[in-house]
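The values are calculated or read from the model by the stated rules, or taken from the named source; none is laboratory data. Everything numeric in this text was worked out from a predicted model, so none of it was measured. Neighbour counts run over all protein chains shown; Cβ positions are idealised from the backbone, glycine included. Surface accessibility is based on the protein's heavy atoms, side chains included, excluding ligands, DNA and RNA. Shrake-Rupley method; radii C 1.70, N 1.55, O 1.52, S 1.80 Å.
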Amino acid sequence: MKTVLITGGSRGIGLATALRFSKEGWNVYITSRKEENLQAVLKDHPNLKGFVAKADDIVAASTTCQSIIEEIGSLDVLINNAGTNPSAGSILEVELSAIQKTWDVNLMGPLMWSREAVKAGLKDSILNVCSVGGIKPSHFMGAYNVSKAGLIYMTKQLAMELAPEIRVNGIAPAVVKTKLSEMLWADEETSSNLHALKRLGEPEDISNLIYFLSSEEASWITGEVVTIDGGFLL
Ligand SMILES: NC(=O)c1ccc[n+]([C@@H]2O[C@H](COP(=O)([O-])OP(=O)(O)OC[C@H]3O[C@@H](n4cnc5c(N)ncnc54)[C@H](OP(=O)(O)O)[C@@H]3O)[C@@H](O)[C@H]2O)c1
């Protein structure tokens, strides 16, 4: 049985991904920053296991990856999903501390978890949850967009450095209905109309692609960042 670790698995895309891997018969570990969030998810979904860990904490990353190897014997796939956007506004005006936090969680975090997972013996692949914001600039989300552009490039860099043993891919979603993006779909009709397919993404749209890219069926794909945006970029 294969094992996957998903950062930020307590809700949204991370939880949908955890449930998809679990349905496919994998051992699934998630992380959350908060004990109460983690326990609530584990109570609702007893097949999942988890650790309290912040996305930008290298000690937590190291301890989590090593604990999984000790408990299960191997770690096959890492999904760098945890992300944040506390820095809405012009990148020229937002508090530097908020920009730093965004880059720490969204860019340094995936690097830290990737390094620690590889050090612990990661076997198959890494998947980074990027964003269309990393491809096309938008107002109000500059710090977030720059972090995701960095993550797209880092996906390719890591893919090159970790080949041929480990594949590294990313996905770049447009607006998905989750807590993180609430402010983008407060007016759902207007937001839906920005997508050619006239609807917002659901977490399950995204977890299907994450699962495919992490599975054997994608075993000749590495260094790719697949856009999944309902036609937003058309
Ligand atoms: N929703 C969208 O429209 C959209 C579009 C493109 C890309 N994405 C990306 O998709 C990923 C998942 O986001 P989502 O939309 O599913 O958001 P979400 O529903 O708000 O979930 C975010 C998850 O990350 C965890 N998290 C938040 N801040 C964290 C931090 N500082 N350190 C560690 N964990 C943290 C949360 O867990 P706890 O609160 O329990 O710690 C939660 O499980 C993110 O990387 C996001 O940038 C989202």
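With a probe of 1.4 Å, find how much accessible area the stretch 3-228 has per residue, and write the answer as a whole number in Å².
Values: 10930 Å² over 226 residues.
With all protein chains present, the stretch 3-228 gives 48 Å² per residue.
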If you average the sequence gap of Cα pairs under 8 Å that are 6 or more apart and divide by the length of the chain, what percent do you get for the contact order?
19 percent
Considering the convex hull of the alpha carbon atoms of the stretch 3-228, report its projected area averaged over all viewing directions, in nm², one decimal.
12.0 nm²
For the stretch 64-182, the accessible surface attributable to carbon and sulfur atoms (probe 1.4 angstrom, ligands and nucleic acids excluded) amounts in percent to 58 percent
I72 versus H139, label points 7 Å from Cα toward the beta carbon: distance in nm?
4.5 nm
Using the alpha-carbon centroid of each, what span in Å lies between the stretch 159-206 and the stretch 15-82?
21 Å
J(HN,Hα) series, the stretch 72-88, from Karplus relation 6.51 cos²θ - 1.76 cosθ + 1.60, nearest Hz, glycine and proline x
10, x, 7, 10, 9, 9, 10, 10, 7, 10, 4, x, 8, 8, x, 10, 4
Using label points projected 7 Å from each Cα along Cα→Cβ, tell me how many nm separate D44 and T190, to one decimal.
3.0 nm
